[in-house]
Every structure is written in C-alpha cells, then in structure tokens.
Amino acid sequence: MKSLEDLKKMREEALKKVEMREGDKEYRVVVGMATCGIAAGARPVLNRLVEETAEKNYNCAVTQTGCIGMCVYEPIVEVYGKDGEHTTYVKVTPDMATEILEKHIGQGEIIEEYTVEAARSGQGE
Amino acid sequence: MMEDLAMHILEILMNSIHACAKNIKFIVQDSTINDKISMSVEDDGKGMSSEQVQKISSPFMTGRSTRKVGLGVAFLKGLTEQCNGDFLVESEVGKGTRVLASVQKSFIDTPPMGNLGEIIMECIQANEEIDYIFHYMTDTNEFVFNTKEIKKELDGVSILEPSILLWIKDYVNQQVNMIKEDEG
C-alpha cells in the first residue's frame, strides 16, 4: 500500500541519483503530446521513456511539447543535446523509445533509420 | 482512439496547460445513485471571451498556430451528447476557464473511466510549475490529491524525477481503486 510517507524515502533516493549524474542533465527528450500525438500513440511512448529513465537513470530529462505541425509523423520524439543540436525521431513505438534511450542517450549514437529525414527520403519526398 | 473518459479529459487538461494556468482543479464525481459520472476541469489560465466560448466546440477553433483544427472539446461535447450527459463551458478573460462534462454511468455507449493516474502523471510531467488538485468522489467516499503537498514533501527534489512521476501514477490509481471497491 502506497502512502505519502513513501515520499520521504523516495526523496532520499532521488537525491542520490542526482548526485550520481553529476550536474545538469545532458539530454532533453521531448515527446509530442497534442491530440495528434496522443491519437497516434504518444502516451505509451511517454510512459516507456519515464519508466526506463527511472530504472536506468539515464542522463536526460523527459519533457513534452504540443503539436509541431508534422502530425502525420506522430508519435514524435525529439532529442536535444547540450549544445542545442537536435534529432527528430518519428512514428516512435515504445520499443523504439527504449532503443533511442539505450543508443542515443546511453551511447551518444543517433539511430538514423528512425529519424524524420529517413522517413521522408523513404517516401520519396 | 479516444477509448476512455480519461483520454477525453486529458485533452481538456492539456488545453488548460496551454492556457498558461498555474492551478488546475480536476474533479470526478462517480455516482451510482445518480447514475452519472461528472467531470470538471477548472483553471486560472488566460480564459476566453464569450465569442470564443460560443465557438469552443467547433473543430475549426484552436489556440495553436501549427495547424488549423482542434478536436479535443468537439470530441468531448459529442461524447456527452451521445451518452445522455451535459456539457458546459464557463470562461472569463484573465480569470480562467471551467469545463464541465457528464455522462450517464449505465448508458451502453459510455466508455470506461480509463487510467486516471496516468493522465495526472502526464499533466504534471508537462510542466512542473503548474499545481493540480485532483478530487475523486463516489457516493460514499472521496480522495484528494494535491501536488502542493507532494512538492512540500519532496522539499527541493523535482516532481519530474521519473521515479516520483511513476509513484504518483500508481498512488493515484491505487487510491481511486480502493474507493471504487469500497463502493462495492
């Protein structure tokens, strides 16, 4: 049974994790959560990102944005690095989200095949 | 795609978030006696003019600039009409907005409640500056969740820590289910 008492313990644990990460989070992982994103399945993707980040303590903040005008490519996950560079992953599933965290956040490797550029060239745009 | 009530409400909550609200109150009254599920979302965001309120359920009304249609309110209003319910929007520029939607609980087309803990987690996650009060009521019992209390307990640790967010989701769902079971 969960109670507000749990929060004290969780607070301590969270503080330890923050110390382990040393300083600011390196990446920002942003999920499109407007109607278009949600309708396309952004919620399970967001949930997976939060769960995996909690479990593996990835060096990233998971946040949300609204509609960025590419509804056809939702669910969209954007990864921003510290220097402002960013990668846009499209039609993301929960399993792809796990992979993005593992490779991009964990190892700094962009997964080209999941990017919007790859999706566009595949469609001959 | 909008298979439960929670998903409809998430759309309305997201509207409040985008209307620059600082405080959002979300109330669910799940009454067997009145055979009615009422949901309301009240915010202190930028509000709307009476002209905007009149057009609120049109799919071609949206506050965003990235596309020209907005379906959240239109869908919810449609649902209340389909499920013997009521729909009401009250708003004042500079003060905030209140959206009230109800459905007949036993009606055949009324969708299930869905995952309330999940939508609350998703809302908190959208912007940690916003505070939420979630009030869930049945005929005999109630549960109140207030992010201000949580933030006080966390004392400087961000409510956006993933482990805290997941705890909130599970905690809310557990409390809601407990109350529902009490109801029998």
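The values are calculated or read from the model by the stated rules, or taken from the named source; none is laboratory data. A quick note: this is a predicted structure, and the numbers were derived from the prediction, not measured. When we count neighbours, we look across all protein chains shown, and the Cβ atoms used for this are built from the backbone with ideal geometry, even at glycine. Heads up: the accessible areas ignore ligands, DNA and RNA and are worked out on the full protein's heavy atoms, side chains in. Shrake-Rupley method; radii C 1.70, N 1.55, O 1.52, S 1.80 Å.
Here is a list: B:I179, B:I168, B:I130, B:I164. Which entry is open to solvent by less than 30 Å² (accessible area, probe 1.4 Å) and more than 30 Å from A:Y58 (Cβ to Cβ)?
Working: B:I168 fails: more than 30 Å from A:Y58 (Cβ to Cβ); B:I130 fails: more than 30 Å from A:Y58 (Cβ to Cβ); B:I164 fails: more than 30 Å from A:Y58 (Cβ to Cβ).
Just a single option satisfies the conditions, and that option is B:I179.
Would you mention how many residues in the range B:28-45 are open to solvent by 40 Å² or more (accessible area, probe 1.4 Å) and not polar (S, T, N, Q)?
Selection size over the range B:28-45: 5.
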inquiry  = Cβ contacts < 7 Å: first residue assigned to a helix (DSSP H, G or I), restricted to the range B:167-179; second residue open to solvent by less than 30 Å² (accessible area, probe 1.4 Å) and polar (S, T, N, Q), any location; separation 6+ or different chain. Result?
reply    = B:I179/B:T138
inquiry  = Residues that are facing chain B (nearest Cβ under 9 Å), open to solvent by 20 Å² or more (accessible area, probe 1.4 Å) and under 17 Å from the mean Cα position of the chain (by Cα): does the range A:68-86 have at least one?
reply    = yes
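More than 8 Å from every other protein chain (Cβ to nearest Cβ) and either in contact with a Lys or Arg (Cβ under 7 Å, 6 or more places away or on another chain) or modelled with pLDDT of 90 or more (or both): is that true of A:G32 in this structure? Full working, then the answer.
Numbers: more than 8 Å from every other protein chain (Cβ to nearest Cβ): yes; either in contact with a Lys or Arg (Cβ under 7 Å, 6 or more places away or on another chain) or modelled with pLDDT of 90 or more (or both): yes.
Yes; evaluated as a whole, the condition is true for this residue.
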request  = Go through A:A14, A:A54, A:A39 for me and flag whichever is within 7 Å of chain B (Cβ to nearest Cβ), among the small types (G, A, S), more than 20 Å from B:N127 (Cβ to Cβ) and assigned to a helix (DSSP H, G or I).
outcome  = A:A39
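Find the residue count for the range B:112-144, including only residues that are part of a loop (DSSP other than H, G, I, E, B) and of a type in the set (D, E, K, R). Reasoning before the result, please.
Taking the range B:112-144 and keeping what is part of a loop (DSSP other than H, G, I, E, B), we get B:112-115, B:127-130, B:138-141.
Right, trim to of a type in the set (D, E, K, R) and you get B:128-129, B:139.
Summing the residues that are part of a loop (DSSP other than H, G, I, E, B) and of a type in the set (D, E, K, R) in the range B:112-144 gives 3.
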ask   = Here are B:E90, B:E122: which of them is of a type in the set (D, E), within 14 Å of another protein chain (Cβ to nearest Cβ) and in contact with a helix residue (DSSP H, G or I) (Cβ under 8 Å, 6 or more places away or on another chain)?
value = B:E122
inquiry  = Regarding the range A:85-94, can at least one residue be identified that is assigned to a strand (DSSP E or B), of a type in the set (F, W, Y) and within 30 Å of B:I12 (Cβ to Cβ)?
reply    = yes
